[in-house]
Amino acid sequence: QLRIQPKDTPHRPQIGKAMAIQKRKAVATSADRVFKRSRAKASEQEAEPEPEEEQPEQEEEEEQQGGEEAEEEAVVAARCKELKGTHVDEVKKLATGLGLEIKSKTKADLVEAISGHEAAARAAQRAHAARLREVVVRKKEELEALSLPDLRARCAEAGVRGMLTKQARVELLLKAWQEADGVNKGLRQMLRDARERDLLAMEKASLRSVCERLGVAPYALEILAERVTRREGEAGRFARPVLEDDSKPEVAKASGKKAGDLVETLLASEATRKSEQERRRQEEEAVAKKVKELKAMSVEDLKKELARRGREASGKKDELVEALAGAYREEEAAASKRAKLRAMGLDDLKALVFSRGVEAPGKKEAMVEALMAHDVAQAANLRRFEEVVEEVLASQREELEAKTAAELKDLCVARELKPGLGKEDRMERLLQAARSGDVDRLAAARLREARRRELLGAGEAELLRLCAATGADPLVKEIMIERILTHEDEFGAEASTPAAGKKGRSAKN
C-alpha cells in the first residue's frame with residue numbers, strides 16, 4: 001500500500017538522501033578522472049581499482065522491504081496490545097471463530113495464536129497481490145516485446161482497427177486480456193508451473209506415494225509392456241532359438257598329456273564316433289520301418305494318431321504320414337536324450353542345467369525332466385520362429401511380385417546379386433538373400449510386437465511382476481507429474497494435502 005503524505009509535510013529526509021547520492025556520484029566521477037590521468041602517465045604501473053558503482057535502486061528496495069517488516073511488527077504489536085485488553089471470553093470466542101485449536105487455554109497463548117493467524121493471513125494477501133502484479137507485468141512485457149506487425153495482427157484478431165501507436169496497441173490488448181479473465185488464468189498457470197517445479201524436484205518413489213494417496217494410477221500399461229519386452233529382447237527372447245546338441249561326444253583335452261595318452265584319447269574318440277554313426281544308422285532304419293507301417297494305415301487312423309500327439313491333422317495322406325513320422329522322430333530323439341541325461345554324473349548334470357539357465361531342484365530326475373522340458377519349449381519356439389520367417393518371406397514375395405522385371409533387376413544389382421534371366425529367378429535370388437540376411441531381424445520384430453500386445457492384456461499386476469523379474473523400471477516421472485497436475489486441476493490443489501483426505505478418480509492408461 002502506498003502512503004500519500006500531506007502537501008505541507010516536509011521531505012527533508014528524502015531530499016537529504018538524494019543529495020547524498022548525487023554527491024557520492026560526483027565523487028566517484030572525479031575519482032575516475034584522476035585514475036584515468038594516472039594510468040595515462042604511468043601505463044606500466046598497476047592500475048588502480050575503479051570504485052564500485054552505487055546501486056540506489058537495490059538500496060531503495062531493501063529499505064522498502066525493511067519498512068514493510070517494521071510496519072508489520074507495529075501492526076502485530078498493536079493487535080496484541082488490543083487483544084490483551086479484551087476480556088478473555090471474547091478472546092476465546094474470537095479464536096473459536098477463526099477455527100483455531102489451542103491446547104493451552106491461557107490468554108497469552110490465545111493472543112499469540114490469534115495474532116499469528118492474522119499475520120499469516122496478511123502475508124498471504126500480500127503474496128497474492130505480488131503474484132497478481134507479476135502476472136500483469138509479465139503480460140505487459142510479453143506484449144511490448146512483440147513487433148509492430150505482430151501487434152497489428154493481434155489487434156485485428158481483437159477487432160481493433162485504425163492507426164495506433166505501439167504503446168496504445170499494448171494498452172488495448174492488455175485491457176482485452178484483463179476482460180477475458182486473463183489475470184486469473186495467468187495466476188492459475190503461475191501456480192501450476194510452481195507446483196510442477198516442486199514435483200520435478202521429487203524422487204520417483206515420492207511421486208508414486210502422492211499418486212497412490214490421490215487415487216491416481218502412477219503406471220502406464222503401454223510403458224510397462226514396452227519396457228518388459230525391451231528387457232526380454234535384450235535377454236534373447238525374440239532371437240532365433242538354438243537347439244543345444246548333447247549327442248556330440250566330448251573330446252578330452254590334450255593339454256599336458258603325454259604322446260601315449262594323446263594316442264589313446266584319439267583312439268577312444270574314433271571308437272565313440274563310429275558308435276554314434278552306428279546308432280544313427282539304426283535310428284534311420286527304425287524310422288524307415290515306421291514310415292512303412294504308417295503308409296499302411298488309413299487316413300482316418302493317421303489323423304487320430306496326429307491328434308493324440310497334439311499335431312495338426314489335415315492334408316493328404318502323404319502329408320499326414322510325413323507329419324506323423326516327424327513326430328515319431330522327435331519322440332525317439334527325446335527318449336534317447338533322456339537316457340543319456342540319466343547316464344550323466346550328478347556334477348555334469350548340474351553344470352548342464354546351469355549353462356542352459358534352467359531352474360531345477362537338486363535331485364537328478366528333476367534336473368533331467370527340467371532339461372527335457374526346456375528342450376521341448378525351445379523346439380516349439382523354433383517352430384514358431386520359422387513360421388514367422390515364412391510369413392515375412394510371403395509378405396516380401398507379394399511385394400516383389402508387384403514389381404516389374406526391370407525393377408527386380410535394379411534391386412539385385414543394388415544388393416550385389418546376379419540379376420538372373422527372368423522375373424521369377426530374380427525374385428528367388430532376392431528372397432534367398434533375405435532369408436540369409438534381414439529376415440530373422442524382421443521376424444524378431446514381429447514376435448516382439450505380438451508379445452507387447454499380449455502383455456497389454458495381461459493386467460497391471462502381472463506387468464509389475466514382470467518388471468520386477470526383468471529389472472525394468474515401471475515408473476515414468478513425467479507421466480506421474482502430468483497425472484498429479486491433471487487431478488489437482490480438476491479437484492483443486494488442496495486435495496493433494498494429506499489432511500484433506502480426499503480421494504480422486506484413478507487415471508486411466
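What is the magnitude of the charge dipole of the stretch 88-197 about its Cα centre, with +1 placed on the Cβ of each Lys and Arg, -1 on the Cβ of each Asp and Glu, and no other charges, expressed in debye to the nearest 20?
Working: 23 positive and 17 negative charges, 35 e Å.
So the magnitude is around 160 debye.
Say the cut-off is 25 Å between C-alpha atoms; which of 289/316; 274/337; 290/316; 290/364; 340/363; 304/364 go over it? Don't skip to the answer; put the middle values down first.
Values: 289/316 21 Å; 274/337 18 Å; 290/316 18 Å; 290/364 32 Å; 340/363 16 Å; 304/364 35 Å.
Flagged as over cut-off: 290/364; 304/364.
What are the aspartates and glutamates whose alpha-carbon lies under 13 Å from the alpha-carbon of residue 81, with same-chain residues fewer than 8 places away excluded?
73, 112
Rounded to the nearest 10 Å², what accessible area does residue 128 show when all protein chains are kept and the probe is 1.4 Å?
Around 80 Å² of this residue is reachable by solvent.
What is the extension gain from residue 275 to residue 296, computed as 0.36 nm multiplied by their sequence separation minus the C-alpha to C-alpha distance, in nm to one decimal? Please report the intermediate quantities before stating the final value.
Values: separation 21, 0.36 × 21 = 7.56 nm, distance 3.22 nm.
Computed gain between residue 275 and residue 296 is 4.3 nm.
Please report the net charge: other residues with Cβ closer than 13 Å to the Cβ of residue 134, K and R +1, D and E -1.
Numbers: positive: 126, 131, 133, 138, 139, 140; negative: 141, 142, 193.
Summing Lys/Arg as +1 and Asp/Glu as -1 gives +3.
For the stretch 298-399, just say rounded, prolate or oblate: build the C-alpha gyration tensor, square-root its eigenvalues into a ≥ b ≥ c, call rounded for a/c under 1.5, and beyond that prolate if a/b exceeds b/c, oblate if not.
Note, shape of the stretch 298-399 comes out oblate.
The values are calculated or read from the model by the stated rules, or taken from the named source; none is laboratory data. Keep in mind that this is a model prediction, so the values were computed, not measured. Virtual Cβ from ideal backbone geometry, glycine too; neighbours counted across all protein chains shown. Note: areas computed on protein heavy atoms with side chains; ligands, DNA, RNA excluded. Shrake-Rupley method; radii C 1.70, N 1.55, O 1.52, S 1.80 Å.
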